[in-house]
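Only one structure is covered here, and it is reproduced in the block below.
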Amino acid sequence: QLQASGGGLVQAGGSLRLSCAAAGRTFSHDVMGWFRQAPGKEREFVAGVTRGGVSLYYTDSVKGRFTISRDNAKNTVYLQMNRLKPEDTAVYYCALDLQSAYFVRRGVDDYAHWGQGTLVTVSS
């Protein structure tokens, strides 16, 4: 079970840090990802991290602003979001890819387990 938290309302240019804690199993051997879904749009990949936390991947629109990280000892993955823009407004989901450890896949269907989502609203 994945539990996402940290969303909220922030002004453009501000920062938020999302957390995703896993319960019931360790995810240290698996790729973890963050996705988001804006109103009326499909869910999209935002960032992913491989099992050791060495390889990080981002969608182009968040590169240089968002940072994904993981703490395997705490069974938690984070998404630090800086210089937020109104277009970052969405429900953010963490997800677990059970089929991959060293390669970050970007498809929604690639991820077997999902958190409940946390809403991020960026005002202009």
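The values are calculated or read from the model by the stated rules, or taken from the named source; none is laboratory data. The structure presented is a predicted model; accordingly, all values stated were derived computationally and were not measured. A quick note on method: Cβ atoms are made from the backbone with ideal geometry, for glycine too, and the neighbour counts reach across all protein chains shown. The accessibility values were calculated without ligands, DNA or RNA, using every heavy atom of the protein model including side chains. Shrake-Rupley method; radii C 1.70, N 1.55, O 1.52, S 1.80 Å.
Data overview
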{"item": "Candidates V46, V31, V91, ranked by Gaussian network fluctuation over the chain, Cα under 10 Å, top entry", "result": "V91"}
{"item": "GNM top mover of S61, S28, S100 - the chain, alpha-carbon springs below 10 Å", "result": "S61"}
{"item": "Size of electric dipole in segment 51-92: Cβ of Lys, Arg +1 and of Asp, Glu -1, about Cα centre, debye, nearest 20", "result": "140"}
{"item": "Virtual spin-label span in nm between Q1 and T59, 7 Å along Cα→Cβ", "result": "2.8"}
{"item": "Label point distance in nm, A23-A101, each placed 7 Å from Cα along Cα→Cβ", "result": "2.7"}
{"item": "Carbon + sulfur, % of accessible area of segment 1-51 - ligands and nucleic acids excluded, 1.4 Å", "result": "46"}
{"item": "Dipole magnitude (debye, nearest 20) for segment 1-63, charges at Cβ of Lys, Arg, Asp, Glu", "result": "100"}
{"item": "Candidates L79, L56, L18: whichever shows maximal mean-square fluctuation once the chain is modelled as a Gaussian network with Cα springs under 10 Å", "result": "L56"}
{"item": "Percent accessible area from carbon and sulfur atoms, segment 72-122, protein chains only, probe 1.4 Å", "result": "52"}
